[in-house]
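In what follows, a structure is listed as structure tokens, so that the remarks can point back to it.
Laboratory data are not the source of any read-out in this text; all were calculated from the coordinates shown. For clarity, every value in this text was computed on a predicted model and none was experimentally measured. Counting neighbours? That spans all protein chains shown, and the Cβs are built from the backbone with ideal geometry, glycine included.
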Amino acid sequence: MDEHPAIAGHVVTAKEAGLVSCTHCARVWPIGTTTCVRCGARLVSRDVKSMSRVWAWWVVGLLCYIPANVFPMLETTFLARTSGDTIVGGAIVLMMHGAIPVGLVILLASVVIPIAKFLAVAYLALSVQYRLPSDQLRRMKLYELVEFIGRWSMIDVFVVAVLTALVQLSVVVSIQPGSAAVAFALAVVFTMLAARSFDSRMIWDSLDPPAEAEPDDSRKDFLT
Amino acid sequence: MQRVSIVWIVPLVALAIAVGMAWQTYQDRGSVIEIRFEQASGITPEQTQLRYREVSVGVVEDLDFSDDLSHVIAHVRLDKDVEPFVDSESVFWVVQPEVSARGVTGLQTVLSGVYIEGSWDAVPGGLHTQFEGLQERPVARPDQEGTRIMLSSGSGKGLSEGAPILFKGLEVGRVGRPVLSADGITINAEAFINAPHDQLLTSQSRFWDASGVSFNIGTGGASVDIESLASLISGGVSFETVVSGGNPVRDGEVFAVFPNVDDARQSLFDGRKANGGTMELAMVFEENVTGLNVGAPVMLRGLQIGEVVGISGRVDPEQFGDDLVRLVVVLQIEMRKIDAAPDTDNPEDEREAILDMFEQAVSEGWRARLARSGLLTAALRIEMVQIPEVGPAEFQRDGDPYPIFPSVTAEVEGVDVAAEGLLKRVSDLPIEDLLNSAKVFLDNAAALVASEDIQSIPADVRGTVESIQGAVEDVREVIGTADLPALSGKVSGIADEFSQLLEHVADQEAVAKLVEAIEAASEAAVEISTAASGVPELVDQIEEVAEKVASVDLQGLMDQVGGLATNASDFLSSEATKSLPEVLTKSLASVEGAVAEATTLLSGMNSSGAVDSLTSALAKVDTAAGDIGDAVEGLPALIDEARQVTEKAAALDFETLVSEITGLVESAEAMIGTQAARELPQSLKMALDQVGQALAELRDGGTVAAVNAALASAERAATSVADASSELPALVQRTEAVLREAELALAGLADTGALNREARATLREVSRAADSVRSLARTLERKPNALLTGK
């Protein structure tokens, strides 16, 4: 482990070194060990089913994201007149009312970040499956970014929750969460699950010589 | 290595849920119906709801215009579960906030925006997708139990939208939106009576306007009546069913709204129907209809069958053939007054029957015309009368907008124009002049009465009476003193002599001659009577003349006569007149002597051949009478001439004549007033004295011989008269000629004033001559012996 992989140009993976690490407690065991002696977690050198799970969560997240944008996020009842605003519509209304930073934040958190997450996860998954010869380190950082930022996508849901709790003035004005709020929350959750399902160790396997049959399996899984 | 992650169930489930939801949504989605509105009035796509009984059963999906932009079409997505009920009977209207006297409705729409209210009955009738939206809330929902009627009013009072229908003050229904009828005469409004109360409504029910305040003052005091506060503000109608026996009311029946409760009740008894009791008729008049007002009666044989409800002008070259303005009068006929179809209760049948009747009547010569409704008023009414030999006309049954009943032009300017003329004539009468004349006359009369002459008349009259009294006393004295018995003896002697004379006359066939003479005279009389047949006409003419004379102002004449009377009284009061009796006494004495003389004379005559002479004289008289008879034959012509003359005279200007006569009278008065006239009695007395002396002389002298001579002279005179009489026809002819000339002259009188004057002078002369002749005749009448004496 003296050489830095980026410097060396070739990184020796744990698998190549005959080792397997515990994903929970990071203790390294010789390959073939099935259970982490320290924490009891199951040890797998490469989770061959992970790609299938990623894509499953990804699809569900995408499914949820569609109604989240079509249905209204907020239902504002102002003097007995109810109007619903979708995410984008609400952001545009805010910006038209002069609250451009707030609108931009909502747009960023509710539209740009989720979509970017979808794209990033899909890219990572595809790059792993097709062993694209791109910079593993950068992909690793992208994955970590996705993992980190995913939870902030919930900001819109938080806004809705806060507004719903605060603005309950009976007849005059009241705000109810729309059906899109649930869908949006689900979409965020599912994308996070997709990101978590991704076995980032496989990023490094693209450097492996294509002797193994595992990528084929992975592809088969994906296609299934 | 077929290892598929269990996680894939999640997207599959999610997909299944999504698809299921989509399917469910699609399944639950109802049809879209289209509702046409005049205007959107607050309808917003995707927000405005369709509600049924205040429950949302749909939402407006889209809003667009009809092809011609005349309407707005709201596309409403219905809920699936109400779909079958939305059939063609459904109605839709937009609920908007409404504030009225009866309350506030639709307040929630102020904040939430309008919504579309739909109403349909509970019977599924299949989906209908095209609807016409109502402008307003309907009177009653389609599913509401009750009776729908039409209210018709001439004024529209009380008929306002949403106004309550009251029964004994309780609200039992509502009036819908009032709509002006196509002809603009009546106002109709739909009305709805709620279910349990519509049992109270029968064909005998009467509606009246309950709006406003009724205020009555009677012997029982004053009363103010307000049905309800709401009806005071927004109108309202009440109804009542006083008379039993009416038929149940069907939907859509028409009831008239009477102005007040009294009218409504009255209508029950005078036969007016509450439902559709009237029909409209039009008439076209080319004449001036001034005085014909709305409400003017329409009379059929004196019975009012309707009234005028509208008058308007119309220019219709197609119908009338020119561009002139015709006046179209619209009438409302009360059908029950005619009762052409007593069997039916259906207004349409009744109307048709009446139209049939009118058509028949027009073909029989019935026409409408204008007539005076009063003797003095200018108001007109319309009469339907049968006019004989009237020109052809047609009852235009399908006239626009009403059947047109033909009319004829009538003479309506009858009485008032005549009265006007009469009044004008009266006002033209010279009443002021008349009054002035009367005033002057009265002044003159007063002056006359006040004049000393008139006032002295009584005294004069008294003097005259005293004089007469004195005269009578004198006469009595004379009679008392005179030797009357002797006189009577002498008279009897004379009579004896006379009888002897008559006997002698009888012997000498004098009687036969006398008879002849009398016959001749009777012939002459017959002639005269024939001639006299023309007299009545003459009298008529004279009457005319007399009328003219009567019309002449006689005041001046009166004055003159008054003066004349004064003079006459002066004359009577003169000494000479008073001394007249004495003279008379003396005269009587002379007469006595003369009679004695006559006795002797007659005795002489008896002996002498005087009788012979008398006989021959009578024969002469006979001839003369015959001649006169001949002469009388010319009289009718003479009378005709005289009549013509009288006619001319009648045509003359009498005022001037009267003035002439006045002048004549003045002259006469002046004459009487002269000293000579006053001395006339004295002259008369002297003349009588001379008569007395003459008689005395007569008594003294050889009178018998003289009488003989006188008789001979008389015979000669009679002969002369007979000769002259034989010339009378010629004289008459001549007179005729003169009269003709006079006639010609009179005809020319009108032309020249000078001639007129001359003719008048001539007439004066003629009249004076006639007077002379008359006095001569009178003298002869009184004193035939003047012929003998020559005086």
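The ranking of A:Tyr143, B:Tyr26, A:Tyr130 from fewest to most other beta carbons within 10 Å of each one's beta carbon is B:Tyr26, A:Tyr130, A:Tyr143. By the count of neighbouring beta-carbon atoms within 10 Å, fewest first, A:Trp57, B:Trp8 end up ordered B:Trp8, A:Trp57.
May I ask you to list the residues of the range B:26-42 whose amide nitrogen lies under 20 Å from a point 7 Å from Cα along the Cα→beta-carbon direction of A:Leu79? Residues B:41-42 fall inside that zone.
Pair-distance distribution of the range B:26-132: all C-alpha pairs, bin width 10 Å, starting at 0; shares per bin in whole percent are 15, 47, 31, 7, 0.
Contact order for chain A, expressed relative to its length and based on alpha carbon pairs under 8 Å spaced 6+ residues apart, stands at 30 percent. Helix content alone sets the calculated 222 nm mean residue ellipticity of chain A: runs of n ≥ 4 DSSP H residues at -39500 (n - 2.57) each, divided across all residues, give -16000 deg cm²/dmol. Between A:Glu147 and B:Thr44, take the C-beta separation as r, use R0 = 35 Å, and let me know the FRET efficiency to the nearest 0.05. With R0 = 35 Å, the Cβ-Cβ based efficiency is 0.15. For the Cα atoms of chain A, what angle does the longest principal axis make with the long axis of helix A:87-96, in degrees from 0 to 90, nearest 10? Helix A:87-96 and the main axis of chain A meet at about 60 degrees. Gyration tensor over the Cα atoms of the range B:128-195: the corresponding equivalent ellipsoid has semi-axes (square roots of 5 times the eigenvalues, largest first) of 21, 19, 9 Å. By the rule of a second cysteine Cβ within less than 4.7 angstrom, chain A holds isolated cysteines at A:Cys64. Remark: the B:Leu776-B:Leu200 segment gains 195.9 nm on full extension, using 0.36 nm per residue and subtracting the alpha carbon distance. How large is Rg/Rh for the range B:79-128, to two decimals, with Cα atoms and a Kirkwood Rh? Rounded to two decimals, Rg over Rh is 1.12. Relative to the longest principal axis of the Cα atoms of chain A, helix A:214-223 runs at roughly 30 degrees. Computed from the C-beta positions of B:Gln266 and B:Asp68, the FRET efficiency with R₀ = 51 Å rounds to 0.50. About the centre of its Cα atoms, chain A shows a dipole size close to 340 debye [charges on the beta carbon of Lys, Arg (+1) and Asp, Glu (-1) only; nearest 20 debye].
List the trypsin sites (Lys or Arg not before Pro) within the range A:54-148 that fall in a DSSP loop (any state other than H, G, I, E or B) and whose Cβ has at most 16 other Cβ atoms within 10 Å.
Details: sites: A:Arg81, A:Lys117, A:Arg131, A:Arg138, A:Arg139, A:Lys141; in loops: A:Arg131.
Answer in residue order: A:Arg131.
Give the residues of the range B:379-401 whose amide nitrogen is closer than 16 Å to a point set 7 Å from the Cα of B:Phe320 in the direction of its Cβ. Counting only backbone N, you get B:400-401. Across the alpha-carbon set of chain A, the Rg to Rh ratio works out to 1.11, Rh being the Kirkwood radius. With neighbours defined as other Cβ atoms within 10 Å of a residue's Cβ, the residues B:Leu780, B:Leu50 order from fewest to most as B:Leu780, B:Leu50. A simple spin-label model places the labels of A:Thr34 and B:Gln693 22.4 nm from each other, with each point 7 Å out along Cα-to-Cβ.
Quick one: if the Förster radius is 35 Å, what FRET efficiency do B:Asp428 and B:Asn288 give, using the C-beta to C-beta distance and rounding to 0.05?
Efficiency, rounded to the nearest 0.05: 0.80.
Each of B:Ser66, B:Gly42, B:Val55 was placed along the dipole of the range B:41-83 (beta-carbon charges, centred on the mean Cα), and the one lying farthest toward the positive end is B:Val55.
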